Amino acid sequence: MPGTDALRARNHEFWAQAAPGWIRHADRQDKAGRPLGAAAMEWLRPQPGERILDVGCGCGGTTAELAAAAGPGGEAVGVDLSDPMVAAARRRFPRERHPGLRFVTADIETVRDVPGAPYDAVFSRMALMLQADPVAGCTTIRRSLRRGGRLAATVFRDGGANPWMFAATLGAAPHVGPLPPVPMGDEPGPFAFADPGRVRRILTAAGFDAVTVQPYDVTLDAPDEGEPVAEWLIEMGPAGPAYRAGPAPDRAAARAAVARLFERFREPGAGYRFPAGIWLVTAETAP
Ligand SMILES: C[S@@+](CC[C@H](N)C(=O)[O-])C[C@H]1O[C@@H](n2cnc3c(N)ncnc32)[C@H](O)[C@@H]1O
């Protein structure tokens, strides 16, 4: 397995390449991706006046939701390693209209002190499994919380519980250029937190108490628009950058191939229903 620095560099490179696709599809991601974070939002129940950190906030949709729940006396701060995504989040949710909302560029694994800490609560949707050194990152998260603070995060379970992800990559792959390395074993990637025992060990080693890992099965709904839906999920995944770099006929072939593989998730006339299997991970800091 490559060393931590190499894995971290791979993570940064991946998100540098993936950011334009995530920015382009940010509105659809907020809407269709909502069920991926709903269990964590519900468990966290942000209270008026609280200060909340959103780790791996992407283009800021969940941070805005947290800020709305925290109300005028509270604050939500989104942190993400991707500068372009943080800039997009600031454009989408300008400070004049969202005074309780702030976005910061930082790698949660290497930042010394999380700006604005200590927080009452930390939220994270689909980001913790991407860390090269998850104990280091989760230790920083724990240190960013006040005593008696709480963490609620969602991460993907295994690939079998999320078959649309393979379909998007497999369909596109023959029509696009080279893809990034496939993660192996515990290497960071969408399924690196598939083993709940590993997740518990990481959070416990990071100093958290009361760690729980619970399965949730959710559905991502999308309208009955074959090619735009195929393009959205290609661009969210590892084939996204190669897809965007390809000529128009290859992109059309990739979308058509993915749309064919997505047929099994389609209810004609009603739309797509993609099953997603996630863990809700919760933990607390010592009182
Ligand atoms: C799968 S995306 C999820 C984005 C957003 N939370 C959502 O659900 O739409 C993962 C995000 O985590 C960010 N990320 C990955 N590793 C990170 C790290 N070590 N520190 C901060 N952000 C990180 C990526 O830049 C990316 O925006």
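Read-outs: derived from the displayed coordinates by stated rules, not from any lab. Computed from a predicted model, the values in this text were never measured in an experiment. With ideal geometry, Cβ positions are generated from the backbone for all residues, glycine too; neighbour counts draw on all protein chains shown.
Here are the numbers:
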{"quantity": "For region 72-118: Kirkwood Rh in Å [reciprocal of mean 1/r, alpha carbons]", "calculated": "11.3"}
{"quantity": "Charge dipole (debye, nearest 20) of the chain; +1 at Cβ of Lys and Arg, -1 at Cβ of Asp and Glu", "calculated": "360"}
{"quantity": "Net charge of Cβ neighbours under 13 Å - reference A253; Lys, Arg +1; Asp, Glu -1", "calculated": "0"}
{"quantity": "Angle in degrees between helix 163-172 and the longest Cα principal axis of the chain, rounded to the nearest 10", "calculated": "50"}
{"quantity": "Mean projected area (nm²) of the alpha-carbon convex hull when region 1-142 is viewed from all directions", "calculated": "8.2"}
{"quantity": "Pairwise centroid distance, computed over Cα atoms, of region 230-281 with region 61-126, Å", "calculated": "28"}
{"quantity": "Cα gyration tensor category, rounded, prolate or oblate, for region 121-199 with a/c compared to 1.5", "calculated": "prolate"}
{"quantity": "Relative exposure of E235, E187, E267, judged by other C-beta atoms within 10 Å (fewest first)", "calculated": "E267, E187, E235"}
{"quantity": "The chain - Kirkwood radius from inverse mean 1/r over Cα pairs (Å)", "calculated": "19.2"}
{"quantity": "Mean residue ellipticity (222 nm) of the chain, computed from DSSP H runs ≥ 4 via -39,500 (n - 2.57), nearest 500", "calculated": "-12500 deg cm²/dmol"}
{"quantity": "Charge context of C57, other residues only, Cβ under 12 angstrom, K/R +1, D/E -1", "calculated": "0"}
{"quantity": "Phi-based couplings in Hz for region 127-142 (Karplus 6.51, -1.76, 1.60; Gly and Pro marked x)", "calculated": "9, 4, 6, 8, 6, 6, 10, x, 5, 4, x, 6, 5, 4, 4, 4"}
{"quantity": "Reference-scaled alpha-carbon Rg (2.2 N^0.38 Å with N residues) for region 55-209", "calculated": "1.12"}
{"quantity": "Sum of side-chain charges, H175 neighbourhood, beta-carbon under 11 Å (Lys, Arg +1; Asp, Glu -1)", "calculated": "+1"}
